[in-house]
Amino acid sequence: MSNKKIVEELDSSLYDKDFYFHCNDGFEEFKRGAQLSFVKNRALSLLEINKEIKFLDIGFGRGEILFHCAKLGAMCYGLDYSNDALSIAQELLMGCHVTLIQSDCSPLPFKDNTFDRILLGDVIEHLSFDKGVQLMKEIRRVLAPQGIFILHTTPNALFMKLVYPVLIHCLHNNIKREIINHVTIQNKVHLYEYHFFSLKRLAKISGMNAKVWIDDDITRAGTFRHLKKLNKKQKVLIFIVNVLKKLSPIKLLLGNDIWLKYVKNV
């Protein structure tokens, strides 16, 4: 498991254009005119963006969340340490009122109580646990009173430890190779993967009384790209899983989209 890695941080060169256009969530939707993936659409909804909002996207990647928030009238700021992320986002956001900053996130280069909304989407698993705690404390510092912080992380560490080793042998060769390749890339850039309980622990240590949950739609409304290549028998298995997902113990194991929401009450 990637949880056992002792590396504290990764070189920004790992996050190149190949990563953003072939590996990172939402790359297929992005190529269709900066559309949002299932996960990014969910995040946008949870953020409750409006014209009065000052919004920070930490680890903005290609910048499509910033693009849509700017269109909604928010004052948008993005932080990322990847050269290629900055280049991709600058091209997308040309003409938008968005401030992009190339920097790592420890500490965050902002004053206390600056932002009404903060998003940390698919970033926390790229940090060690200790670095994650530092970042969460920084987020709490720069979040304004009554501000909302949304975090998404994937995959579910329990799924990867207990389910994936069995599931991978149930798939036909083409999709098996594709998923193994995806997990291999994932393991290179994930330093600490979370499950429901470890994310709750992270929030508590960071001083956040946060709500943590696993998304009910464990197949991402059927948009998860690997599902499209399943054969009929495997699709029947997915249907059964969808029926069982209402059982909390099943969801704790099989759900791979873990969310956190924190509202700063001061």
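The values are calculated or read from the model by the stated rules, or taken from the named source; none is laboratory data. All values derive from a computational prediction rather than experimental measurement. So basically every Cβ, Gly included, is an ideal-geometry build from the backbone, and we count neighbours across all protein chains shown.
Which condition number does Gln146 fail, the rest of (1) in contact with a His (Cβ under 6 Å, 6 or more places away or on another chain); (2) over 25 Å from Lys188 (Cβ atoms) being met?
Going through (1) in contact with a His (Cβ under 6 Å, 6 or more places away or on another chain); (2) over 25 Å from Lys188 (Cβ atoms) one by one, Gln146 breaks only (1).
Take Gly73 and tell me if it is within 25 Å of Asn256 (Cβ to Cβ), assigned to a loop (DSSP other than H, G, I, E, B), of a type in the set (Gly, Ala, Ser) and at pLDDT 95 or above.
no
Of the conditions (1) under 22 Å from Asp25 (Cα atoms); (2) buried (at least 16 other Cβ atoms within 10 Å of the Cβ); (3) touching a helix residue (DSSP H, G or I) at 6+ places or on another chain (Cβ under 7 Å), Ile168 clears all except one; give me its number.
Here Ile168 clears every test but (2).
Every residue in segment 153-200 that is in contact (Cβ under 8 Å) with a residue 12 or more places away in the chain and among the hydroxyl-bearing types (Ser, Thr, Tyr), please.
Residues satisfying the conditions are Thr153, Thr154, Tyr164, Tyr192, Tyr194, Ser198.
Evaluate segment 44-51: report whether one residue or more is in contact (Cβ under 8 Å) with a residue 60 or more places away in the chain, of a type in the set (Asp, Glu) and surrounded by fewer than 21 Cβ atoms within 10 Å (Cβ to Cβ).
Of segment 44-51, the ones in contact (Cβ under 8 Å) with a residue 60 or more places away in the chain are 46-49.
Then drop every residue that is not of a type in the set (Asp, Glu), which leaves 48.
Restricting the remaining residues to those that are surrounded by fewer than 21 Cβ atoms within 10 Å (Cβ to Cβ) gives 48.
Taking every residue of segment 44-51 in turn, at least one turns out to be in contact (Cβ under 8 Å) with a residue 60 or more places away in the chain, of a type in the set (Asp, Glu) and surrounded by fewer than 21 Cβ atoms within 10 Å (Cβ to Cβ).
It is to be established whether one or more residues within segment 146-153 are among the hydroxyl-bearing types (Ser, Thr, Tyr) and either closer than 20 Å to Tyr262 by Cα or touching an Asp or Glu at 6+ places or on another chain (Cβ under 6 Å) (or both).
yes
Of all residues in segment 82-128 being among the charged types (D, E, K, R) and farther than 23 Å from Glu48 by Cα, which is surrounded by the fewest Cβ atoms within 10 Å (Cβ to Cβ)?
Filtering segment 82-128 for residues that are among the charged types (D, E, K, R) and farther than 23 Å from Glu48 by Cα, the one surrounded by the fewest Cβ atoms within 10 Å (Cβ to Cβ) comes out as Glu91.
What is the residue count in segment 14-54 for residues that are part of a helix (DSSP H, G or I) and among the charged types (D, E, K, R)?
Step one: filter segment 14-54 for residues part of a helix (DSSP H, G or I), giving 14, 17-22, 27-30, 38-47.
Then keep just the ones that are among the charged types (D, E, K, R); that gives 17-18, 28-29, 40, 42.
Qualifying residue count for the region: 6.
Yes or no, residue by residue, for (1) over 22 Å from Ile124 (Cβ atoms); (2) of a type in the set (A, V, I, L, M):
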position: Ser13; (1), (2): no, no
position: Asp18; (1), (2): yes, no
position: Ser37; (1), (2): no, no
position: Gly59; (1), (2): no, no
position: Ala74; (1), (2): yes, yes
position: Gly78; (1), (2): no, no
position: Tyr81; (1), (2): no, no
position: Glu91; (1), (2): yes, no
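Are there helices (runs of 4 or more DSSP H) fully within segment 129-215 with at least 2 residues that are closer than 23 Å to His22 by Cα? List them.
173-189
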